Every structure is written in C-alpha cells, then in structure tokens.
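The values are calculated or read from the model by the stated rules, or taken from the named source; none is laboratory data. This structure is a prediction, so every number in the text was calculated from the model and none was measured. Every residue, glycine as well, gets a Cβ built from its backbone with ideal geometry; the counts of neighbours run over all protein chains shown.
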Amino acid sequence: MVKVLKFGGTSLASAEQFAKVAAIVRAEPERRYVVASAPGKRFDGDTKVTDMLYDCYRLVKSNDPIDGAFDAIRARLQSIIDELGLALDLTQDFERVKSALLHHSGRDYAASRGEYFNARILAAYLGYDFIDAESVIFFKENGTLDVEKTDAELAAALAKHERAVIPGFYGVMPNGTIKTFSRGGSDITGSIVARAVRADLYENWTDVSGMLMADPRCVKNPRVIPTITYRELRELSYMGATVLHEDAVFPVRQASIPINIRNTNRPQDSGTMIVEHVASNKVDTVITGVAGKPGFSVIAIEKDGMNA
Ligand code: ASP
C-alpha cells in the first residue's frame, strides 16, 4: 500500500501545525510521499507566504528595495525551523533566493519559493528525502503540463526514494525556468505524484473535515459528505463548493485512485472520500449535496438512444 499526502497552507502555517502533520504522517507506514504547500494563514488577517513572495516580486519590478519584505518571509520560515528545534541551516539558500529575486528571476520563481522552503523544512523534520519539483514536474513550451514526461520521470525518481517530500505548486519549463500552476495548485502536484506512484489513496489534508452537503452561509451546520463520486463533485464544485483545485481531479481519476479530503486539525474525522462509483447498496443518502448560484439554472436532458 502506498498513500500520497498533500498538506495545504494552513496545515503547514506554523511549527504547531508541522507537529500535527508529522503525527499524521507517522501514524501509518504507507504514508510515504508528502506534497507540501507554502505556509498559509495562521489566523484571520494573516498573510500567506505565497502572497508575501508576490509582493517581493512587485517591489523588484518597481525597483523598490525588498529587504524588509524578504526579511519578513525569512523570519516566518526561520521561526518554524527554530520552534521545531531543527538543525537545518537555510542561510545560504535564503541569500541565493534573495539574489535571484533581485536579478529578475520571474514572478513564478518568486511565488514557488514558499513551497520550496516549506518542503525542505518538512523533509528535515520528518527525516524524509527532499525531491525538488523542478527535477520531476515538467511543463511544455505552451505552458501546459507535459503529462507523459512528468509521469515517467516522477515514477523513476520516486522509485529511488522510500519516503520523500516534494514541494507543490511548481515545475520547470523546457528552458529551465520555474513555472507554477494557478493558485491552489499544490493539489495538482499531489494528484500527479499519486498517479506516478500508482498510489492506493491520495489524501488531501486541509482545514475542513471534508465537503459539506450545503453552503454553511445558507444552511446551519450542514453535514459532511462521507462519499461522493467524481461526477457529483464536478456538479457541486462548478456551483461554487470548492475544496480542491479542479485540475487536481483528472490525474488520479484517470488512474482510478480515490481522493480523501481530511482535516489536519481533526485527524479523527474520516472526511470525504471521492470515488469513481458508489455501490448502490451502500448509498444511505438520497441526495449527496446541494449547491446553487443565483440566476443560474441547469437543464439536464437525458434520453436513450442519443448516439443513434
Ligand atoms: N501556495 C500556493 C497558493 O497560495 C499554492 C497552494 O497552496 O496550493 O496558491
């Protein structure tokens, strides 16, 4: 059994969250490959490290000094290292990245460094190998993922590592520059990794205990959906109920790997399982979930013999 785990930004926002993540990873020996996001918000009103990095990029572009902005990023990452008591010295890495930013290494390069550093820290903390996404996730010239090359190289690289941490969100262009997926793209990396190792399960760890049956802004205390099919997920998510980047579904779905949405802060909850089919004798709810959008209607027409 192999499980691939992806931890989102809030799950890796502080040393306290890292400790929860380590307990989850260590709880099952099959949890072998871990994809990390950049540190997210620790509290309401906090700033995600990815957004701090985009700010740094804007400062470079407008020829303003980045020292203050960069120091704030370094301080956030260093506080995680210090509070975890890790003997990990990223001083030279920080300097190298700062200098690359100043030398106009690009918007995507800047944004990607949150995942890069966080994965380095998590790998050191777990005692797992670190595999840089830039050596295993490949984009084509036109900016789309090079699916075949990525799948082959990732599978070959991971076969050499019993346990590893891989940064989410980015990969490399044919000319060697860094490119990111769209926002929230670490979900996609997790899915690609799960497919490459033919995982039995892709666990997507976030800060909610799964998908809710209804929008909590409209319905008080909606229940969590225990099991949902990929098809139902698509219906619910294009009405605005997103827990997962939409492009994260395709790689695992194609390989028939279920996704389990889990809550890092409540690992005892079983979350939502996203599967291809639900056996009809196992369905105990008539309705999986309800979503809506004002001024938006869906007309579904079904008819036998359409292909004729
Ligand atoms: N850190 C990136 C973002 O904030 C990617 C991710 O978290 O999945 O969008």
Problem - Number of positions in segment 275-308 that are modelled with pLDDT under 75 and either within 26 Å of residue 216 (Cβ to Cβ) or not hydrophobic (A, V, I, L, M, F, W, C) (or both) - result: 7
Problem - Positions within segment 49-93 being hydroxyl-bearing (Ser, Thr, Tyr) and part of a loop (DSSP other than H, G, I, E, B), in sequence order - result: 62
Completion exercise
Checked 291, 248, 214 against criteria (under 30 Å from residue 12 (Cα atoms) and outside any loop (DSSP other than H, G, I, E, B)); the one match is 248
Exercise for the section: Collect the residues in segment 94-114 that are in a helix (DSSP H, G or I), of a type outside the set (A, V, I, L, M, F, W, C) and either loosely packed, with under 15 Cβ neighbours inside 10 Å or without any contact (Cβ under 8 Å) to a residue 12 or more places away in the chain (or both), keeping them in residue-number order. Expected result: 95, 96, 99
Practice task
Run down 168, 190, 185 and say which single residue is farther than 29 Å from residue 292 by Cα, within 12 Å of the chain's Cα centre (by Cα) and touching a residue at least 40 places away in the same chain (Cβ under 8 Å).
Solution key: 168
Practice task
Taking the options 266, 217, 223, 234, name whichever one is touching a helix residue (DSSP H, G or I) at 6+ places or on another chain (Cβ under 8 Å), surrounded by fewer than 16 Cβ atoms within 10 Å (Cβ to Cβ) and among the basic types (Lys, Arg).
Solution key: 234
Exercise for the section: Report, by residue number, each residue of segment 171-189 that is in contact with a Phe, Trp or Tyr (Cβ under 7 Å, 6 or more places away or on another chain) and either near the ligand (Cβ under 9 Å from one of its atoms) or at positive phi (or both). Expected result: 180, 181, 185, 186, 188, 189
Practice task
Within segment 13-28, identify whether any single residue is under 15 Å from the mean Cα position of the chain (by Cα), over 16 Å from residue 127 (Cα atoms) and within 16 Å of the ligand (Cβ to nearest atom), and answer yes or no.
Solution key: yes
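Listed here are the residues, each with its yes/no results for (1) in contact with a helix residue (DSSP H, G or I) (Cβ under 6 Å, 6 or more places away or on another chain); (2) surrounded by 13 or more Cβ atoms within 10 Å (Cβ to Cβ); (3) β-branched (Val, Ile, Thr).
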position	(1), (2), (3)
4	yes, yes, yes
9	no, yes, no
23	no, no, no
31	yes, yes, no
36	yes, yes, no
40	yes, yes, no
46	no, yes, no
61	no, no, no
78	no, yes, no
Exercise for the section: Select from segment 113-131 the residues that are touching a helix residue (DSSP H, G or I) at 6+ places or on another chain (Cβ under 7 Å) and away from the ligand (no atom under 14 Å from the Cβ) and write down the one among them that is nearest to residue 50 (Cα to Cα). Expected result: 121
